[in-house]
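Q: Below you'll find the structure I mean.
Here, each number is a calculation from the coordinates, and none is a lab measurement. Note that the coordinates shown come from a computational prediction; the quantities given were computed from them, not determined experimentally. Cβ: placed from backbone, ideal geometry, glycine included. Neighbour counts: every protein chain shown.
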Amino acid sequence: MSRTLDWWDQKAFPPWVIMDRLADIILSYVGGCIVEIGLGKSTFVLSRHAKNFGVKHYAIDTSQRKIDEVLKSGECDHDGLVIYNGRSLDFIKEFDDDLGLVFVDGCHKPIVVRQEADFFIDKLLPGGVIFFHDMFLCKEWGERHASIGKYSSTYEVRLELEKRDDIWCLTFPYTAVACGLTLVLKRPEFEYSCEELKKLGFEGDWTYKGQVV
Ligand SMILES: C[S@@+](CC[C@H](N)C(=O)[O-])C[C@H]1O[C@@H](n2cnc3c(N)ncnc32)[C@H](O)[C@@H]1O
């Protein structure tokens, strides 16, 4: 099947459109603050949601230049914005807050992303979500990277995350500059097992008031 839409068109499909459309649902349901690793256009999107919900938005970047650019834009003027100029792995040593939504787009080395993932999954409120950028290498980007000898390996962490049973993991190969946006949702605290459901009488066809529906 050929593509019917041009997912490379950033005007039609801004890079963070999926996160933008889901953020208010996640924050309404889960609560908690926002953490963002790697500032840029994503900061504008997340700031808007932090402002609407009146929650803290921790924004972390090693580059003071990037931080200044984002602040100068005037698009992030809310009281809840907490800027941290430094490495994500240093930030997490100090971070302690209720956490509903995280966006990870900083250092792309698996050794770093893996530690970020472990820390934030542990810290997230149940039902909370982490979005990871660059976890799916499409054919076009793969060929482009190979031609300049660049090796993208963040997807290794996605393959590991997909095996964990304390989260649900889903990757969108489109939007996010066609580099993959992985959504990790921390599983709810309570979940029926099949045995428990059978004990409650849930077996076979769906029924309602004794009738198969
Ligand atoms: C791909 S850019 C982020 C793009 C941004 N999310 C956007 O929407 O445009 C990655 C950023 O992560 C920052 N960075 C790299 N390593 C980092 C680390 N270990 N901790 C925090 N930030 C880091 C870089 O300075 C850079 O600004």
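Q: Would you check if there is a residue in region 185-197 being surrounded by 15 or more Cβ atoms within 10 Å (Cβ to Cβ) and either among the aromatic types (Phe, Trp, Tyr) or on the phi < 0 side of the Ramachandran plot (or both)?
A: yes
Q: Identify all residues within region 185-213 that are of a type in the set (D, E, K, R), in a loop (DSSP other than H, G, I, E, B) and within 25 Å of residue 29 (Cα to Cα); write none if there are none.
A: In the first step, residues of region 185-213 are kept if they are of a type in the set (D, E, K, R); the result is 186-187, 189, 191, 195-196, 198-199, 203, 205, 209.
Still in the list and also in a loop (DSSP other than H, G, I, E, B): 187, 189, 191, 203, 205, 209.
187, 189, 191, listed by residue number.
Q: Quick one: is residue 42 surrounded by fewer than 18 Cβ atoms within 10 Å (Cβ to Cβ), within 27 Å of residue 150 (Cα to Cα) and small (Gly, Ala, Ser)?
A: In short, no.
Q: Exactly one condition in (1) touching a residue at least 60 places away in the same chain (Cβ under 8 Å); (2) among the aliphatic types (A, V, I, L, M); (3) closer than 21 Å to residue 24 by Cβ is false for residue 121; which is it?
A: Only one criterion in (1) touching a residue at least 60 places away in the same chain (Cβ under 8 Å); (2) among the aliphatic types (A, V, I, L, M); (3) closer than 21 Å to residue 24 by Cβ is unmet by residue 121, namely (3).
Q: In region 8-20, is there at least one residue being hydrophobic (A, V, I, L, M, F, W, C), more than 23 Å from residue 124 (Cβ to Cβ) and touching a helix residue (DSSP H, G or I) at 6+ places or on another chain (Cβ under 8 Å)?
A: The first filter runs over region 8-20 and keeps only residues hydrophobic (A, V, I, L, M, F, W, C), leaving 8, 12-13, 16-19.
Now narrow it down to the ones that are more than 23 Å from residue 124 (Cβ to Cβ): 8, 12-13.
Then drop every residue that is not touching a helix residue (DSSP H, G or I) at 6+ places or on another chain (Cβ under 8 Å), which leaves 8.
There is at least one residue in region 8-20 that is hydrophobic (A, V, I, L, M, F, W, C), more than 23 Å from residue 124 (Cβ to Cβ) and touching a helix residue (DSSP H, G or I) at 6+ places or on another chain (Cβ under 8 Å).
Q: Return yes when residue 62 is without any contact (Cβ under 8 Å) to a residue 60 or more places away in the chain and touching a helix residue (DSSP H, G or I) at 6+ places or on another chain (Cβ under 6 Å) and no when it is not.
A: It is false that residue 62 is without any contact (Cβ under 8 Å) to a residue 60 or more places away in the chain and touching a helix residue (DSSP H, G or I) at 6+ places or on another chain (Cβ under 6 Å).
For every residue, the table says whether it meets (1) surrounded by 15 or more Cβ atoms within 10 Å (Cβ to Cβ); (2) under 13 Å from the mean Cα position of the chain (by Cα).
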site	(1), (2)
83	yes, no
94	no, no
105	yes, yes
114	yes, no
123	yes, no
134	yes, yes
143	no, no
159	no, no
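Q: Additional query: Residues of region 11-39 being over 14 Å from residue 132 (Cα atoms) and in contact with a Pro (Cβ under 9 Å, 6 or more places away or on another chain), which ones?
A: 30
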